[in-house]
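Below: the structure, in C-alpha cells.
Any read-out appearing in this document is the output of simple, stated calculations on the displayed coordinates, not a laboratory observation. Remember, it's a predicted structure, so these values are computed and weren't measured experimentally. Backbone-built Cβ (ideal geometry, glycine too); neighbour counts: all protein chains shown.
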Amino acid sequence: MVSLRQFVRSAAPAISAILIFLVVWEVAVRIWEIENWILPAPSLIVHTLFQTWHLLPEHIWMTSKEALLGFLLGIAVALVMAFILDISPFLRKSFYPILLFSQTIPIIAIAPLLIIWFGYGILPKVLVVALVTFFPVVVSVVEGLQSSDRDMIRLVRSMGGSFWQVFYSVRFPHALPYLFTGLRIGATYSVLAAVISEWVGASSGLGIYLIKAQSSFATDKVFVVIVLISLLSCLLFLVVVFLGRVMMPWKHKSHKYKKMN
Amino acid sequence: MLKKVSTFLLLIIMLVLVGCNQVEESSQGEEVETEIESEAGGEVQVESSELVEATFMLDWVPNTNHTGIYVAKEKGFFEEEGIDLTIIEPAMEGAVPIVAAGQADFGIGSQTGVTIARSKDIPVVSIAAVIQEHTSGFASPVEKEIASPEDFEGKTYGGFGGAEEEAILNTVLNQHQVDPSTVENVIVGSADFFANTKRDIDFQWIFYGWTGIEAEVRGEDINMIYLKDIDPVFNYYSPVIFSSDAVIEEKPELVEKFVRAVSKGYEFAIEQPEEAAEMLIAATPETDEELIRASQNWLSPRYQGGAEKWGIQSEDIWDNFSSWMLEAGLIETEVSTEEAMTNKFLP
C-alpha cells in the first residue's frame, strides 16, 4: 500500500502534465478548426489506433524484433570491444578514434549501402541498430572499467587474486552502473534506428507503415506510428532500468537505506 | 519538476504557433487579394517593376518529366509573365500536402495523389497533364523471364511505397489468376532498379521514359509490361501539375500566367528536344547527361501526343480512374472530377 501511494505521488506530476497537454492539444485543434491532415486531435489519433489495430501487430513485431536483435548485437560487440580496449592502452589509443568515427557516419548514407551488400532481409536493419547502439555502451563501460577502485584491486591482488578474479570481483561490478547508463541511452535509440533502417527498404515494419501512411496523406496514422515508436522505446528503456535494479541490488538498497535514515 | 513544466510550456507554445500560422495564412491571403486589386488599377507599373514570387515543388530528383519547367525558367518565360519562380526538391512525402498547406504554390505529382488528397478534403487541383499517355509499367531484366503478369507468381516485387501500388498490383494479379499472397512485396523506395534486380528483387514499377531509357543507355535488356496495356483504366495521368484551392481562388491570374509559361516551356521541349535536354543538364549536373538526352528524345513527342494542345486533361480519364479507385478501396468517398482537375488555365 505504501509503495502504491509512493508511486502515485511520484508519478502524479508527470501524468497530470501529459493530461493537461492532451487537453490543450484537443481544444486547440477544435477552436482553430485545424484540419485532420495538418494536425489530428488526440481523440482522432486514439480512434484511428483502434480502427487500424488489426493492421499493426505485424509491423510492431517486425520493428521490435529488429530493434531488440540489433540492440543485443550492439551490446555483445560493445562488451567485447570494451574488454579489449581495457586490457591494452595501446589498443585503446589506436581504436578509440575509429569508434568515434563510426558514430559520425550518417545512417542515411550507410543504410542503402548495407542493403546493396546484404539484401532486403532483416540483417541490414539489425546492423544499423547495432551500429547506433553499441557506441554509448562501449564508451561508458570503458570508462567504468578504467575508474575502478585502485585500493580494492591492490587488496584482491595482495590476497593472491588472479587477473580474472580481479576483473570478476572488483572491476566488472564497479563498471555495471556505467554499463547500464550506456544501455539506457542505447535503448532509447534502438527503435528509432530500426524505423529509419526500414525506410531504405523492407516489406513490413513501422517504418514501412509510416511511408504508406504518408503517401496517402493519413496524418492520423502517422501520429499512431509516432505514439507506437515512443511506447516501444519507453518499454525497452523500462526493461533496461528494471534489469539494472535486479543486477545491482546493492545500489537500489543503499538508496532506500539512506532515505530511511 | 522544473524540466517537466518547461517542456510542457514549450509544447503549448508549439501548438499555439500551429494555430496562429493558420490564422495568419488566411490574413495573408486577404493581403494578397487587396494587392491584386491595386494591381488591376496600376497594371503597367507592376508589370515593369516587380516580379511576383512563386514556388514550385518537384516530386523527385529533377528529370525529363520536369523539362518544361526548367526550360521556361531558363528561357525567361516566367519572367515574361511577371513570375519569379523558385523550384524546390521534395521531402519523402511529395508535394501534395505542402502545396495544400500553402507552403508552395504549385507542385507536380500523379493523378492518383490528387484524387486521394481530394477524398480526404486536402484541397489540391490538377491544372495540367505533363504527358498524355501513361508511360509506367512493370519491368524486369529479361533473364528473369517475366513477360506477362502471369509470370509474377512466386516472384519478389520491389515497390516504391505509393498508396496506389498495392491495389493496382493486386488487381493485375487477380485479373491474371495469380494469388497475390504468392508475390512478395518489398518496399524499396527510390533505390536503384539495376542494383535491386541483381539481388533480391525480380520486378519493379518503373517509368519507361527514365529507367527504361536508362536500361537502353546501359545496354541492359529488360521486359516491360505497360500498365495501360494490362487494362485501359490504368491510362491515368502521371505526372500532373497541381495547385491548391486557395491559390486558384485568391490569385487566378498567377495560375494562368504560370500555366502559360509552363506550356511555352513544354512546347519548346517538344519542338527542340536536344536544346531542352541541355537546359535540364545545366540545371541538374549530378545526373547522367547521356540518360537525359536519350530520355528527352523519347519523351518529347509524348508530352502532347495526339492531343490538341499540351497539358489538356480528359474528364473521362479522371472519371474512370476515380471510380476504379473507389471500387478498389483506395478512396472512401467519391471524388468529383470537376473538383479534382481543370483545363481552364491552359492557354
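Before moving on, here are some points about what is shown:
- Value of Rg to Rh for the protein assembly as shown, rounded to two decimals, is 1.05; Kirkwood radius and Rg both from alpha-carbon coordinates.
- Each Cα pair under 8 Å and six or more residues apart adds its separation to the average, and for the stretch B:109-260 the resulting relative contact order is 44 percent.
- Packing here is the average count of other Cβ atoms within 10 Å per residue, and on that basis the peptides B:261-267, B:199-205, highest first, run B:261-267, B:199-205.
- Whole-angstrom Cα spans of the stretch A:84-194 along principal axes, big to small: 55, 27, 20
- Global geometry of the stretch B:197-347, whether rounded, prolate or oblate, following the gyration tensor of its Cα atoms and the 1.5 cut on a/c: oblate
- FRET efficiency for the B:Thr287 to B:Arg218 pair, using the beta carbon distance and R₀ = 25 Å, is estimated at 0.95.
- Pairs with C-alpha atoms separated by more than 19 Å, drawn from the list B:Lys73/B:Lys264; A:Lys212/B:Lys120; A:Lys221/B:Lys120; B:Lys251/B:Lys344; B:Lys257/B:Lys309; B:Lys198/B:Lys228, are B:Lys198/B:Lys228.
- Net charge of neighbours whose Cβ lies under 12 Å from the Cβ of B:Leu299, counting Lys and Arg as +1 and Asp and Glu as -1: +1
- Modelled label reach - A:Val241, point 7 Å along Cα→Cβ, the stretch A:10-35 residues with backbone N closer than 19 Å: A:10-19
- Three principal axis lengths of the stretch A:1-149 [C-alpha, angstrom, descending]: 64, 50, 29
- Partner aspartates and glutamates whose Cα lies under 14 Å from the Cα of B:Lys155, excluding those fewer than 8 positions away in the same chain, are identified as B:Glu143, B:Glu145, B:Asp179, B:Glu184, B:Asp200, B:Asp202.
- For chain B, the spread of Cα coordinates along the three principal axes comes to 65, 64, 40 Å, biggest extent given first.
- Taking a straight Cα-Cα cut-off under 17 Å and skipping sequence neighbours fewer than 8 places away in the same chain, the aspartates and glutamates within cross-link reach of A:Lys65 are A:Glu198.
- With Cα atoms, 0 to 90° folded angle of helix A:172-199 axis to chain A main axis: 30
- Euclidean distance of C-alpha centroids, the stretch B:229-291 and the stretch A:1-55, integer Å: 44
- In range of the label at B:Glu143: residues from the stretch B:209-247 whose backbone nitrogen is under 14 Å from the point 7 Å along Cα→Cβ: B:220-223
- Here the label points at B:Val61 and A:Thr52, each 7 Å from Cα along the C-beta direction, are separated by 3.0 nm in the simple model.
- Across all C-alpha atoms in the stretch B:109-173, the radius of gyration and Dmax reach 15.1, 45 Å.
- Taking the DSSP bridge list for the protein assembly as shown and keeping only pairs wholly inside it, about 55 percent are antiparallel.
- Model label points for B:Asn170 and B:Ser323, set 7 angstrom from Cα along the Cα-to-Cβ axis, are 2.2 nm apart.
- Sorting the segments B:178-187, B:292-301, A:16-25, A:37-46 by their residues' average number of neighbouring beta-carbon atoms within 10 angstrom, most packed first, yields B:292-301, A:37-46, B:178-187, A:16-25.
- Above 26 Å, the calculated P(r) of chain A contains 56 percent of its Cα-Cα pairs.
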